[in-house]
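Q: One structure, pasted below without further comment.
The values are calculated or read from the model by the stated rules, or taken from the named source; none is laboratory data. Predicted, not measured: the structure shown is a model, and the values here were computed from it. As a convention, Cβ positions derive from the backbone with ideal geometry for all residues, glycine included, and neighbour counts pool all protein chains shown.
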Amino acid sequence: MKQIMKFIKYTGIITFVLLITALLFPTWTSHIKGDNSVSALEQVKINGSNHEVMIRGKDKDNPVIIFVHGGPGCSEIPYASKYQNLLENNFTVVNYDQRASGKSYHFFEDYSNLSSDLLVDDLLALTDYISDRLGKEKVILIGHSYGTYIATQAASKAPEKYTAYVGIGQISDQVGSEIDALNYVIQQAENAGNKDDVLYLQGLTEQVENGETLIPRKYIAKYGGASRLIDNPDGNSIGMLFSHEYNLLDVIRYNYGLSYSLKTLLEEIMKKPLPTKVKKLELPCYFVMGKYDYQTSSNQARKYFDMIEADKKEFIAFEQSAHYPQFEEKEKFYEWMCDTFVK
């Protein structure tokens, strides 16, 4: 009995030590070789709140990209370097966790004023910080998924700050997008003979058409409307823990922030669709869409693209991808970025 009690005691101590270590383990982003390279992971006060910012590139003189992540609340810092390694050769790439998201979620901070307008203001302030730090008059602005809701508004509000706007998984009329997605997943479920899924999804029809609910993303993922060539990278807690940039405390922050951001911000994209907010962009505009994207429907993005006025605009379809063409077909995306922005 004494041996058993001793074993339990030591197991408890070891578990406690491992838990504390995982919670507080130092985080970093891997070093990039080169005399003029940059590889930084840091907290920066932006517009009154501390934001986690990751800056990576082989040459600080290269064009600068600011990536605006989706969600709301889905930080891309834990896995970004895995997919942007090619981009880092010819661009300096900035990722940041939005206010109340990921490492930018602070447990005792008041987020009662969280709104898309505030996130737009944060992005504009971050742009000024990055431009000053890296000595750039303008930067390339890229939004992904919900990040396009923020980035499109920022590009409209201050086009002088940006070389161009690139919308990946571009949000448009989200109610229309959900209807497109519902029709797609029902058809795919019928093709697969999954009668229970068909009945459940058909039961959502009225709510979806009235803009009262989103289709549960697990069904879109199950039938290939989220990602096709890679596993869906968002929300993978184990993957985050094995990244250099996040520890266990950060994973906990991520999940708290995700829950809060979804509850606070998601309704707006249904009630105030982006095409009613931004009808014109006074800078070059590119929509990069996966053919099989049913989280933000490629069909609805095309309708928005046809409607929006811009100095120059181009719709780029990635034929093998769903919601993550920049990751699913990263070589093609890299080539397109170089052809478009590297002179």
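Q: Which residues, counting only those in the range 299-329, are buried (at least 24 other Cβ atoms within 10 Å of the Cβ) and of a type in the set (S, T, N, Q)?
A: Q300, S321, Q326
Q: Could you count how many residues in the range 299-323 are in a strand (DSSP E or B) and among the acidic types (D, E)?
A: Here is the first cut: in the range 299-323, the residues in a strand (DSSP E or B) are 309-318.
After this cut, where a residue has to be among the acidic types (D, E) as well, the list is 309, 311, 314.
Qualifying residue count for the region: 3.
Q: Answer yes if at least one residue in the range 284-298 is free of Cβ contacts under 8 Å to residues at least 24 places away in the same chain, part of a helix (DSSP H, G or I) and surrounded by fewer than 19 Cβ atoms within 10 Å (Cβ to Cβ), and no otherwise. Walk me through how you get there before you give the answer.
A: Let us first name the residues in the range 284-298 that are free of Cβ contacts under 8 Å to residues at least 24 places away in the same chain, namely 298.
Then keep just the ones that are part of a helix (DSSP H, G or I); that gives 298.
Cutting the leftovers down to surrounded by fewer than 19 Cβ atoms within 10 Å (Cβ to Cβ) gives us none.
The answer is no; no qualifying residue exists.
Q: Among the residues of the range 92-111, is any part of a loop (DSSP other than H, G, I, E, B), among the small types (G, A, S) and free of Cβ contacts under 8 Å to residues at least 24 places away in the same chain?
A: Start the filter on the range 92-111 by keeping residues that are part of a loop (DSSP other than H, G, I, E, B), which leaves 97-101, 105-111.
Subset that is among the small types (G, A, S): 100-101.
If we keep only those that are free of Cβ contacts under 8 Å to residues at least 24 places away in the same chain as well, we get none.
There is no residue in the range 92-111 that is part of a loop (DSSP other than H, G, I, E, B), among the small types (G, A, S) and free of Cβ contacts under 8 Å to residues at least 24 places away in the same chain.
Q: State which residue pairs qualify: first residue farther than 23 Å from R99 by Cβ and inside the range 261-283, second residue assigned to a helix (DSSP H, G or I) and of a type in the set (F, W, Y) in any location, beta carbons under 9 Å apart, and separation of 6 or more residues or different chains.
A: Close Cβ pairs satisfying both conditions: P275/Y304.
Q: Looking only at residues in the range 23-43 that are surrounded by 17 or more Cβ atoms within 10 Å (Cβ to Cβ) and part of a strand (DSSP E or B), which one is nearest to the chain's Cα centre (by Cα)?
A: Across the range 23-43, the extreme among qualifying residues is L41.
Q: Also: Which residue is surrounded by the fewest Cβ atoms within 10 Å (Cβ to Cβ), if the candidates are limited to the range 112-124 and must be part of a loop (DSSP other than H, G, I, E, B) and hydroxyl-bearing (S, T, Y)?
A: Step one: filter the range 112-124 for residues part of a loop (DSSP other than H, G, I, E, B), giving 112-115.
Within this subset, residues satisfying the condition of being hydroxyl-bearing (S, T, Y) are 112, 115.
Values: S112: 5, S115: 13.
Only one residue tops the list, namely S112.
Q: Tell me the helices (runs of 4 or more DSSP H) entirely within the range 175-258 that contain at least 1 residues that are modelled with pLDDT of 95 or more and aromatic (F, W, Y).
A: On the way: elements: 195-202, 205-209, 217-222, 237-241.
In the range 175-258, 195-202, 217-222 are the helices (runs of 4 or more DSSP H) which contain 1 or more residues that are modelled with pLDDT of 95 or more and aromatic (F, W, Y).
Q: Still on this structure, I have one more. What are the pairs, 6+ residues apart or on separate chains, where a residue within the range 206-232 that is within 10 Å of E178 (Cβ to Cβ) has its Cβ under 6 Å from a residue that is of a type in the set (A, V, I, L, M, F, W, C) and part of a loop (DSSP other than H, G, I, E, B)?
A: The qualifying pairs are I220/A226.
Q: Is it the case that some residue within the range 52-59 is over 19 Å from the mean Cα position of the chain (by Cα), surrounded by fewer than 21 Cβ atoms within 10 Å (Cβ to Cβ) and under 15 Å from E88 (Cβ atoms)? Walk me through it before giving the result.
A: Applying the first criterion (over 19 Å from the mean Cα position of the chain (by Cα)) to the range 52-59 yields 57-59.
When the remaining residues are screened for being surrounded by fewer than 21 Cβ atoms within 10 Å (Cβ to Cβ), the result is 58-59.
Narrowing the set further to residues that are under 15 Å from E88 (Cβ atoms) leaves 58-59.
So far as the range 52-59 goes, yes, one or more of its residues are over 19 Å from the mean Cα position of the chain (by Cα), surrounded by fewer than 21 Cβ atoms within 10 Å (Cβ to Cβ) and under 15 Å from E88 (Cβ atoms).
Q: What pairs can you find where one residue is in the range 129-147 and among the polar types (S, T, N, Q), the other is part of a strand (DSSP E or B), and their Cβ atoms are less than 7 Å apart, with a gap of 6+ or different chains?
A: Listed pairs, sorted by first residue: S131/V139.
Q: Between L281, L262, L266, which is in a strand (DSSP E or B), touching a Pro at 6+ places or on another chain (Cβ under 7 Å) and of a type outside the set (G, A, S)?
A: On the way: L262 fails: in a strand (DSSP E or B); L266 fails: in a strand (DSSP E or B).
Only one candidate passes the filter, namely L281.
Q: If you don't mind, there's one more thing I want to ask. Here's a check for you: in the range 232-250, which residue that is surrounded by 15 or more Cβ atoms within 10 Å (Cβ to Cβ), of a type in the set (S, T, N, Q) and touching a helix residue (DSSP H, G or I) at 6+ places or on another chain (Cβ under 7 Å) is farthest from R99 (Cα to Cα)?
A: N232
Q: Out of curiosity, is L248 touching a residue at least 40 places away in the same chain (Cβ under 8 Å) and either at positive phi or in contact with an Asp or Glu (Cβ under 6 Å, 6 or more places away or on another chain) (or both)? Step through it out loud before you land on a result.
A: On the way: touching a residue at least 40 places away in the same chain (Cβ under 8 Å): yes; either at positive phi or in contact with an Asp or Glu (Cβ under 6 Å, 6 or more places away or on another chain) (or both): no.
Answer is no for this residue.
Q: Separate question: Just the residues that are assigned to a loop (DSSP other than H, G, I, E, B) and either free of Cβ contacts under 8 Å to residues at least 60 places away in the same chain or farther than 20 Å from G143 by Cα (or both), please, taken from the range 47-61.
A: Of everything in the range 47-61, those that are assigned to a loop (DSSP other than H, G, I, E, B) and either free of Cβ contacts under 8 Å to residues at least 60 places away in the same chain or farther than 20 Å from G143 by Cα (or both) turn out to be G48, K58, D59, K60, D61.
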